[in-house]
Amino acid sequence: EVLLIGDRDTRGLGGPTRSDVVPDPDEPTDFTSFAFDMGRDPSRAVGGGTYGFGKAVLYLASKVSTVGMYTQVRTSSGQIEPRFMILSVAERAADHGKRYTGRHWWGERDPDLPGAVAPIVGPEARDLAHSLGMDRYLHPLDTGTTLAILAPHNPFATADEESDGE
């Protein structure tokens with residue numbers, strides 16, 4: 001089961017796809033803010049939540065704390081760029097003396113930053129979104145975003161039904 005939430009004719013989640021890149025003052029940081037960052041950069045204009053509580057509700061709505069993200073943005077050259085990534089939050093853990101944050105990303109390896117994950121972009125992103133039904137609200141020339149909450153909790157189920165997978 002998947003719950004899709006989408007918009008179109010919005011900007012999509014644009015800007016850099018790496019949170020270690022310092023954006024231009026007028027450049028949006030919507031992608032990195034949603035996918036990687038917690039909190040808000042106080043040097044930038046307010047444009048959304050402050051501490052990440054809003055997006056946390058998406059993970060809480062999923063039995064497996066996982067959200068798929070498909071966005072189409074207009075690049076500075078005027079082209080539409082599809083982006084796809086899966087994000088997950090789990091409990092913090094430690095293994096062999098190394099601590100893990102509990103935040104996980106699925107995309108492709110970032111060739112410029114070993115050990116980092118980047119979104120899948122371009123036709124492959126659109127193909128993935130299509131195979132999961134996440135592109136149904138976005139024409140290839142639209143901008144916008146679709147989020148997929150994997151295994152959503154049923155707000156109308158009793159605790160027994162929820163634990164039985166109903």
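The values are calculated or read from the model by the stated rules, or taken from the named source; none is laboratory data. Remember, it's a predicted structure, so these values are computed and weren't measured experimentally. For the accessible areas, the whole protein counts, side chains as well, though only heavy atoms, and no ligand, DNA or RNA atoms are used. Shrake-Rupley method; radii C 1.70, N 1.55, O 1.52, S 1.80 Å.
In whole Hz, with x marking every Gly and Pro, tabulate ³J(HN,Hα) for segment 75-87 from phi via Karplus 6.51 cos²θ - 1.76 cosθ + 1.60, θ = phi - 60°.
Coupling constants for segment 75-87: 7, 4, 8, x, 7, 8, 10, x, 9, 9, 7, 10, 10 Hz.
Please calculate how many Å² of accessible area segment 54-127 carries per residue, with a 1.4 Å probe and no DNA, RNA or ligand atoms counted.
Working: 4520 Å² over 74 residues.
Value returned for segment 54-127: 61 Å² of accessible area per residue.
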